[in-house]
Amino acid sequence: MSKRLVLLALPIAFGASQALAHPHIFAEARLEVVAGDDGTITELRNVWRFDEVFSSSVLMDFDKNTNLKLDPPEQDAVGTTVRDSLADFNYYMSITVDGKTVPVQKPDIIHVDYKDGQLLMFFAVKPAQPIPLKGRLAFGVYDPTFYTSIDFPHDEDMATIGDALKACKRAVIRPDPDQVLAQNQATLTDAFFNDPTGTNMSKLFATRLELSC
């Protein structure tokens, strides 16, 4: 896959030769961690709102009837493309239980809208294995290639839903970039910044929701 398609396999204006050392696409996000009455995590609900530059590039590529909006069939085409392409990136979901990573299942559908010049995506994913509300749980959203910046502007944008979660202590962690760089300086090499497969380094910078249950 071309580096310029690395976010959502959607054509954008950046060339494949550009390094991935800093983001070119920006999105504001909301994450809802949902627990069921059985005391397990049932799903993670996501809302992503993309910057106007990237949004306009998607509109140009998928607005087949050139009416300057995404009609339902065009929205479906974007959602299907994203659903298929992000499987290799675990849909940017990060779940850990006592430090052990838990993958997610492929979402049934990714809903797409285009409002006020911005592309929006709505989807839910389920953990690939049961996650009881025990120990230290962490949830986040990040792009392992560093190509995309996914930001949670407010702590409330990382929410919990379900009575079972009321027994857990929650905290939104926003890592200090300077501290992350200082602690991982030895691994910040040219090879890292030009590795198209991505690394776990971007995970260290990502905002996350931690639950102690």
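The values are calculated or read from the model by the stated rules, or taken from the named source; none is laboratory data. Just so we're clear, the structure is a prediction, and the values are computed from it rather than from any experiment. Reconstructed Cβ throughout: ideal geometry from the backbone, glycine too, with neighbour counts over all protein chains shown.
Give the number of residues within segment 93-112 that are surrounded by 15 or more Cβ atoms within 10 Å (Cβ to Cβ) and part of a strand (DSSP E or B). Going through segment 93-112 one residue at a time, the tally reaches 8. Screening segment 39-70 for residues that are part of a loop (DSSP other than H, G, I, E, B) and touching a residue at least 40 places away in the same chain (Cβ under 8 Å) and picking the one that is farthest from residue 94 (Cα to Cα) gives 69.
Scanning segment 126-137 for residues that are in a strand (DSSP E or B) and surrounded by fewer than 21 Cβ atoms within 10 Å (Cβ to Cβ) turns up 127, 132, 136. On the given criteria, is residue 85 closer than 15 Å to residue 120 by Cα, among the hydroxyl-bearing types (Ser, Thr, Tyr) and out of contact with any Asp or Glu (no Cβ under 6 Å at 6 or more places or on another chain)? Criteria not met by residue 85. Hey, does segment 80-92 have a residue that's surrounded by 13 or more Cβ atoms within 10 Å (Cβ to Cβ) and assigned to a strand (DSSP E or B)? The answer is no, given that none of the residues of segment 80-92 is surrounded by 13 or more Cβ atoms within 10 Å (Cβ to Cβ) and assigned to a strand (DSSP E or B). When you look at residue 146, is it crowded, with 20+ Cβ neighbours inside 10 Å, under 16 Å from the mean Cα position of the chain (by Cα) and under 30 Å from residue 171 (Cβ atoms), yes or no? The answer is yes for residue 146. Of all the criteria given as (1) surrounded by 16 or more Cβ atoms within 10 Å (Cβ to Cβ); (2) within 19 Å of the chain's Cα centre (by Cα), the one not satisfied by residue 76 is (2). The criterion of being farther than 15 Å from residue 32 by Cα, modelled with pLDDT under 75 and either surrounded by 15 or more Cβ atoms within 10 Å (Cβ to Cβ) or aliphatic (A, V, I, L, M) (or both) holds for residue 199.
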